[in-house]
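Notes follow once the structure below has been shown.
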Amino acid sequence: MEHIIIIGNGIAGVTAARHIRKNSNKRITIISAETDYFFSRTALMYVYMGHMKFEHTQPYENWFWKENRIELMNAYVNKILPDENKIEFEDGSHLTYDKLILATGSIPNKFGWPGQDLKGVQGLVSKQDLLQLEQTAPNNKVCKRAVIIGGGLIGVELAEMLHTREIPVTFLVREKGFWRGVLPMPNATMISNHIKEHHIDLREEEELKEVLSDDNGHVRAVITKKGEEIPCNLVGLCAGVRPQIEFLKESGIEYNRGIMVNRNLQTNFSNIYAIGDCAEQREPVGERKAVEAVWYTGRMMGEVVAQNICGNPVKWNPGHWFNSAKFFEIEYQTYGWVWNNPKEGNDHFTWNGNDGRSMITIEYEIASRKFIGINTFNIRMRHEVFDKWLNEEQTIDHVVYNLRDACFNPEFFKEPYHDIKSQFSNLLTN
Amino acid sequence: MSTYQRNMALTGEPPKALNTGQKVGSAIGLFGLGILGLSIFNITFPNKALWLTISLSMIAGGIIWFARSQYKNTQPGIKNNGVWFKSISSRGLLGWLSAVGLCGFYIVLYFYPQYLGQGSDGAANTGLIGLFDPLSYLLKGQPASQWFVYGVLYTIAIISFGIKFLMKYRHNRYERLRTYSVMFFQTAFAFLIPEIMAGLNGDLPYYDLKNVWPLNYYLFDQWNVNGLLANGSVGLTLLLWGIVSIFVITPILTYKYGKRWYCSWVCGCGGLAETAGDAFRQLSDKSRKAWKVERWLVHTVLVFAVISTTGVIHSYLGDGSKYWLSATTFLIGVAVFLTLLLAFIWIFKREELKKDAKFGAVGFLVIILSFIAMHFFSQTDALFFFKSHEVRSTYGFLIGSIFSGVVGTGFYPIMGSRVWCRFGCPMAAILGLQQRLFSKFRITTNGGQCISCGNCSTYCEMGIDVRAYAQKGENIVRASCVGCGVCSAVCPRGVLKLENGPLEGRINPQDVLLGQDVDLMDLLKK
Ligand SMILES: Cc1cc2nc3c(=O)[nH]c(=O)nc-3n(C[C@H](O)[C@H](O)[C@H](O)COP(=O)(O)OP(=O)(O)OC[C@H]3O[C@@H](n4cnc5c(N)ncnc54)[C@H](O)[C@@H]3O)c2cc1C
Ligand code: SF4
Ligand code: SF4
């Protein structure tokens, strides 16, 4: 029986395993050094906030693995020996595979800041990070202030987490406006304001220069680019993530930022695949980035690699981009592409609900009026409908006038669609 | 990779203490409860009406004060911070203590009302029940009973915790409307109207208009039917209303809106679970095993309810001279009705039943029919070897008192707020069957947006593993879903929407989710 080894028990690896099991009888082993069982990384914040216990983040009950004949191993893989089809563990033991899937995920970015390895300086990616955070920042007596570096999705989650324990937070963001590298200005400004409303000390256009140590090698303060010294007990490094690939160094598997894969998700060894956060596309698809560290991409790659392994070669060719997040109380969804500044020949239409929470921004092509993408804030939209509109290459006019068909808000919610339409019509007539 | 080796426990001490306002609120509420407590020990209060008013206002006021202090400095949004750190809501010491206290209260209420001061044989009430006499006289001109006391406390709980829930979910209109609805139905339909009607028609049995058989298992008991009929057209109307409720209104509304129209908008048990029980919803068991137990248990109770009611009605119908329907016709009618019902389900919905459901359905029908047959041929009052009234009183004891009261509410802090609704309620079983098979209601999942975080499953009071469906892009069509809408509210990615829609495509298992390669999706759909 063919033996499939999967390194990494995150969404990518586990989806691959599930689909391989659905389509075949192959022997499947999943290896991870992080946890015994698959858990949802995106839910780490809810454990710290007391919404859930850690076991609630596990999407499958423990019987699931045995019942589906998926073997689990908790071990760290030190090395890969592609010529012998073997992997080597920390203790020197080996395991042989017929096909290998690398789904090793990410680690937090560090940019060589002085003091970045001090105690009390950490990212928020793994379960171990969560446990460490419980030690460093259990409450506001132990942790009198936290400084978060980097205005991305994990940074705002960390801010919300600390906020629930009433720990004062200073949040350093490089751009003017939160997540401005991705969000158009009106969106970014609204989120910035919302973060500040939660008494987060948000510092825009500010960066980390150096982390200062106390006598025990623990962080004491940070110094910012503008030269301010901010005393703190925790530094949250949230300036993005990068693929976790150090253990591949001498394996001969090609990598750049991530593990290089072709459109079939194969590495330079035909029986080794890479999926999820750790993979880098040799030929990125459409407007997508070469490395996409998002949940959905990991899942979809898992689905595709399973087909390839089960003798049904398919290319990685994902559909329209979509994503979602939550900034404190503001839910965000996006379908298609909305760039932080409209692409050449495009423009943005923005509707503002003026309640500090709800907004939509649509990107469209000026000449053809083709709809390119939408950002929505606190208005839930139906994925299926936008997927259809994008396939049909609808115009912005069609989208705005039929927005109600895409409504996914709970029943009885106040509907903003009429207001959106009238603002849009006013723009057209002016 | 040294961090992997480090073995640390989650030792955080997040702020979970009460703020000053919450402490004041608790003190006020406990003081109000304390007055009731003292009255149990027969401390006589000089002016009962005054002390009762003080006590009840303090209980309600304390709860509302507590809620206000908890939410006033927060922004509208999900409020589950610290739920799993607090002793009361995470099966800690406080949780267990309150469970013991609640169970104790129910046992005394159901079985030892004399300790609460219920006067028997015409003696005046004393103690706690005596304290409620003034209110009872005001409403219906009769002394209070243990059920009156319970009714008042129950209504106060739904109203004050309802107000708390309204503050907690002030950003969500579905939750708000639903809560106004349960508060209204409890206050008007379960409490004021029946009590006042009883006052106007001295001997009219208590009739909660929204309580449908089989939840209201004594509806067809002889004393109740006679009591209703003795009250002329009012009583007859009520009896007919009871029959129309279960055979006409319920099926229509459940078809259009799912069982939620009843379970989380109207029902009193549901009302208490959604308000006072809200703090405990996360404690329901989500395991596959619990689901299995649930399916067998709740349907067994339903069968028990059907047999018990059939037996009871049969036992007093006689030859038809008294009630226009004879016992024989009645039995044949029930047997034919049940057989037709099952045949109908079998013919139209067989594919949608799980294997054990088919097995169970046939098994249950055989049991019921054999009971009826035995009954029929023996022509005595014996059901099997029990007497009908024994079956009925066992039902009343086991299901009506122990299950719905002691376990159902007493176990809130241990097994979550819907133990009764999920494992025991025969009404929920009927509505659930219909919801699964003949209803427009479903919870739609939003394409590929789920991140498997688990908030929905954690906060589903019915113990449905919502995430298991959502992460597969499959709609949730489950018999037990009461449509409380909380899964949709807590989802941080806007994945879930409760809605009524066409029957076609309602159940939609998917292999690959939206957002994937279009060709691959087509390939797998083949
Ligand atoms: C706090 C947080 C919030 C997020 N929220 C969102 C969100 O809302 N939406 C979204 O789309 N994305 C979100 N993401 C990103 C998303 O979680 C990731 O893209 C996704 O989890 C990646 O899955 P994966 O399977 O590729 O890798 P991972 O889930 O990272 O799994 C990789 C596993 O492999 C193990 N491993 C690595 N190397 C070895 C080795 N040599 N030996 C043994 N085991 C090894 C790792 O320990 C890890 O357990 C979030 C991420 C974080 C950290
Ligand atoms: S449906 Fe929503 S709450 Fe449930 S697991 Fe998915 S993202 Fe989380
Ligand atoms: S599935 Fe959702 S709506 Fe249904 S009972 Fe559970 S939480 Fe409520």
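The values are calculated or read from the model by the stated rules, or taken from the named source; none is laboratory data. What you are looking at is a predicted structure, and each value in this text was computed from that prediction instead of being measured. Here Cβ is always computed from backbone atoms with ideal geometry, including for glycine, and neighbour counts include all displayed protein chains. With ligands, DNA and RNA removed, areas are computed over all heavy atoms of the protein, side chains included. Shrake-Rupley method; radii C 1.70, N 1.55, O 1.52, S 1.80 Å.
Annotation for segment A:230-281 versus segment B:417-467: alpha-carbon center distance of 39 Å.
Computed from backbone phi with θ = phi - 60° and the Karplus coefficients 6.51, -1.76 and 1.60, the 3J(HN,Hα) list for segment A:55-63 is 5, 5, 7, 8, x, 10, 5, 5, 5 Hz; x is used for glycine and proline.
Peptide A:57-65 has a mean shielding of 4, counted as Cβ atoms of other protein chains within 10 Å of each residue's Cβ. The 3J(HN,Hα) values that the Karplus relation (6.51, -1.76, 1.60; θ = phi - 60°) gives for segment B:511-524 are, in residue order, 8, 10, 7, 4, x, 7, 3, 5, 5, 5, 5, 5, 4, 6 Hz. Gly and Pro appear as x. Within chain A, DSSP assigns beta bridges of which about 55% are antiparallel (rounded to the nearest 5). The phi-based Karplus calculation (6.51 cos²θ - 1.76 cosθ + 1.60; θ = phi - 60°) puts the 3J(HN,Hα) values of segment B:436-448 at 5, 9, 10, 7, 8, 6, 7, 9, 7, 9, 8, x, x Hz, whole numbers, x for Gly and Pro. Look at where the Cα atoms of segment B:280-345 and of segment A:36-56 average out, and the two centres are 42 Å apart. Inter-chain neighbour count for B:456-465: the average number of beta-carbon atoms from partner chains within 10 Å of each residue's beta-carbon is 2. Quotient of the Cα radius of gyration of segment B:199-240 and 2.2 N^0.38 Å, N being its number of residues: 1.05.
Once B and A are treated as a pair rather than alone, how much accessible area drops out, both sides summed, in Å² to 100, probe 1.4 Å?
By this definition, chains B and A bury close to 6300 Å².
Summing charges over neighbours of B:Pro214, with a neighbour being any other residue whose Cβ is under 13 Å away from its Cβ, gives 0 when K and R count +1 and D and E count -1. The charge dipole of segment A:121-239, taken about its Cα centre with unit charges on the Cβ atoms of Lys, Arg (+1), Asp and Glu (-1) only, comes to about 60 debye.
A helix-only calculation puts chain B at -17000 deg cm²/dmol for mean residue ellipticity at 222 nm, using -39500 (n - 2.57) for each DSSP H run of at least four residues, averaged over all residues. Highest mobility in the GNM of chain A, judged by mean-square fluctuation with C-alpha springs under 10 Å and restricted to A:Gly92, A:Gly252, A:Gly115, is found for A:Gly92. The Kirkwood hydrodynamic radius of the protein assembly as shown, based on inverse pair distances between different Cα atoms, is 31.0 Å.
Note on segment B:32-141: Kirkwood radius taken over Cα pairs, Stokes-Einstein applied at 10 °C and 1.306 mPa s, translational D equal to 96 µm² s⁻¹. Less than 5 angstrom separates the built amide H of A:Asn78 from those of A:Glu88, A:Phe89, A:Glu90, all sequence-distant by 5 or more or on a different chain. All Cα-Cα distances of segment B:256-393, cut into 10 Å bins from zero to the largest, leave 10, 28, 31, 24, 7, 0 percent in each bin in turn.
With semi-axes defined as the square roots of five times the eigenvalues of the C-alpha gyration tensor, the equivalent ellipsoid of segment B:252-323 measures 33, 18, 13 Å, largest first. Summarise the long-distance tail of P(r) for segment A:342-418 by giving the % of C-alpha pairs beyond 20 Å. Distances greater than 20 Å cover 29 percent of the Cα pairs. Counted over chain A with a bin width of 10 Å, the fraction of Cα pairs per bin, in whole percents, is 4, 19, 26, 26, 18, 5, 1, 0. What you get for the protein assembly as shown, charging only the Cβ of Lys and Arg (+1) and of Asp and Glu (-1), is a dipole of about 1140 debye around the Cα centre.
Comparing A:Asn271, A:Asn216, A:Asn341 in a Gaussian network model of chain A, where Cα atoms under 10 Å apart are tied by springs, the biggest mean-square fluctuation is seen for A:Asn216. Summing charges over all other residues whose Cβ lies under 12 Å from the Cβ of B:Ala198, with Lys and Arg as +1 and Asp and Glu as -1, gives -2. Across all directions, the average projected area of the convex hull around the alpha carbons of segment B:440-525 is 5.4 nm².
If the chain linking A:Met1 and A:Asp201 were pulled fully straight, counting 0.36 nm for each residue of separation and taking away their Cα-Cα distance, it would gain 66.2 nm.
In this label model, A:Phe64 and A:His418 are separated by 4.4 nm, measuring between points 7 Å along each Cα→Cβ vector.
For the pair segment B:63-117 and segment B:182-234, the centres of their Cα atoms are 30 angstrom apart. Each of B:Leu192 and A:Glu90 was given a label point 7 Å from its Cα along the Cα-to-Cβ line. The distance between the two points is 6.8 nm. Put simply, the Cα atoms of segment A:308-385 extend 54, 36, 21 Å along their principal axes, the longest span coming first.
Evaluate E = 1/(1 + (r/R0)^6) for B:Thr53 and B:Leu200, where r is the Cβ-Cβ distance and R0 equals 22 Å; express this FRET efficiency to the nearest 0.05. For B:Thr53 and B:Leu200, the calculated efficiency is 0.35. By the Kirkwood approach, averaging reciprocal distances over each pair of separate Cα atoms, chain B gets a hydrodynamic radius of 25.2 Å.
What's the FRET efficiency of A:Lys388 with B:Lys387 using the Cβ-Cβ distance as r and R₀ = 51 Å, to the nearest 0.05? FRET efficiency, A:Lys388 to B:Lys387: 0.20.
The count of lysine pairs in segment A:272-394 that are at least 8 places apart or cross chains, and whose C-alpha atoms lie under 25 Å apart, stands at 10. The mean number of Cβ atoms from other chains found within 10 Å of a Cβ in peptide A:405-418 is 4, as a whole number. Can you send over the carbon and sulfur percentage of the accessible area for chain B, probe radius 1.4 Å, protein chains only? Summing carbon and sulfur atoms, their accessible area is 69 percent of the total for chain B. Residues whose amide H comes within less than 5 Å of that of A:Asn323, counting only those at least five positions distant or on another chain, are A:Thr334 (H built at 1.01 Å from N in the peptide plane). Calculated translational diffusion coefficient of segment A:121-239 (37 °C, 0.692 mPa s; Stokes-Einstein with Kirkwood radius over alpha-carbon pairs) equals 230 µm²/s.
Listed by chain and number, the aspartates and glutamates placed with their C-alpha closer than 15 angstrom to that of B:Lys349 are B:Glu504; residues fewer than eight positions away on the same chain are left out. The residues packed around B:Leu498, meaning those with a beta-carbon under 10 Å from its beta-carbon, carry a net charge of +1 if Lys and Arg are +1 and Asp and Glu are -1.
What the Cβ-Cβ distance of A:Asp117 and A:Met73 gives, at R0 = 35 Å and to the nearest 0.05, is a FRET efficiency of 0.75.
For the protein assembly as shown, DSSP calls about 60 percent of its internal beta bridges antiparallel. Among A:Leu118, A:Ile309, A:Met359, flag the residue with its Cα farthest along the positive direction of the charge dipole of chain A, charges on Cβ as +1 for Lys/Arg and -1 for Asp/Glu. The one lying farthest along the dipole's positive direction is A:Ile309.
Quote the convex hull volume per residue of segment A:156-303, based on C-alpha atoms, as a whole number of Å³.
164 Å³
Taking a quarter of the surface of the Cα convex hull of segment B:206-439 gives a mean projected area of 13.1 nm².
The Rg/Rh ratio of segment A:52-127, with both radii computed over alpha carbons and Rh defined as the Kirkwood radius, is 1.06. For segment B:165-239, the normalised intensity computed at q = 0.23 Å⁻¹ comes to -0.99 (log10 of I(q)/I(0), Debye sum over alpha carbons, equal scatterers, no solvent).
In the context of the full set of protein chains, segment A:337-430 has a per residue accessible area of 48 Å² (1.4 Å probe).
Spacing of the modelled spin labels on B:Asp285 and A:Arg263, each 7 Å from Cα toward Cβ, amounts to 5.2 nm.
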